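Step one of this worksheet: look at the structure below.
Throughout, read-outs are computed from the coordinates displayed, never taken from laboratory work. Predicted model only: the values in this text are computed from it and were never measured. Cβ atoms come from the backbone with ideal geometry, glycine included; neighbour counts cover every protein chain shown.
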Amino acid sequence: MKTVIQRVGRASVSVDGEVVGEIGPGLLVLLGVEVGDTTSDADALVDKISCLRLFPGKTPMDLSVRDVGGACLVVSQFTLSGSVRKGRRPSFSSAEAPDKAVALYEYFAGMLRGRGIPVETGRFGASMQVELVNDGPVTLLVNTHAGTIA
């Protein structure tokens, strides 16, 4: 699984002009599910993301999203699996099939909720517009392979 994580002051996702997910301070998580990803990959990401110290406390990055009472906005983004090695058009051959990807996407969001983190989501497979105020800016790539952080 591939993620782009951004610390945000606020973030929202809209579909056809309707806001379907919105958070105040917290993390925007763009999530890409790849062929071969499993619940072990999702579990590893949830473990890492829920405890990452990305928020200011005594030091600029001292507290986790849970510590500050923040939320997560999880948005599916298959384009994270895109490859531009050949030609001029991205290849998405490593992206998981939608029926399998949506199950892992929903599992991931549910596991974050299980950690006591409020979670909002986009709409899987829809054309979405994401708005955010990146706080810092803080942006990280966190990926898994075979159930471990890569």
Taking Cα atoms, the helix 39-51 axis meets the longest principal axis of the chain at an angle in degrees (rounded to 10) of 30 degrees
Given axes a ≥ b ≥ c from the Cα gyration tensor, I'd like to know whether the stretch 1-40 is rounded (a/c under 1.5), prolate (a/b larger than b/c) or oblate.
oblate
Taking Cα atoms only, helix 98-114 is inclined relative to the longest principal axis of the chain by an angle, in degrees rounded to 10, of 10 degrees
Order of 72, 51 - criterion: other Cβ atoms within 10 Å of each residue's Cβ, fewest first
51, 72
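What's the exposure ranking of 83, 64, 127, going from fewest to most Cβ atoms within 10 Å? Walk me through the intermediate numbers first.
On the way: 83 12, 64 19, 127 8.
With the fewest neighbours first, 83, 64, 127 line up as 127, 83, 64.
What FRET efficiency, computed as 1/(1 + (r/R0)^6) with R0 = 30 Å and r the Cβ-Cβ distance, is obtained for residue 43 and residue 18, rounded to the nearest 0.05? Could the numbers behind the result be given before it?
Values: r = 32 Å, r/R0 = 1.06.
For residue 43 and residue 18, the calculated efficiency is 0.40.
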With each pseudo-label sitting 7 Å past Cα toward Cβ, what's the residue 102-residue 35 distance in nm, one decimal?
2.1 nm
Separation of alpha-carbon centers, the stretch 19-52 and the stretch 92-149, rounded to whole Å
4 Å
Could you list 123, 89 so that the one with the fewest beta carbons within 10 Å of its beta carbon is first and the one with the most is last?
89, 123
5 angstrom amide H check on residue 74, placed H, neighbours 5+ away
29, 120, 121, 122
Figure the gain on full extension for residue 61 and residue 86 (residue separation times 0.36 nm, minus the Cα-Cα span) and round it to one decimal in nm.
5.2 nm
Just 60, 118, 25 to compare: in a GNM of the chain, with alpha carbon springs under 10 Å, which one fluctuates most?
60
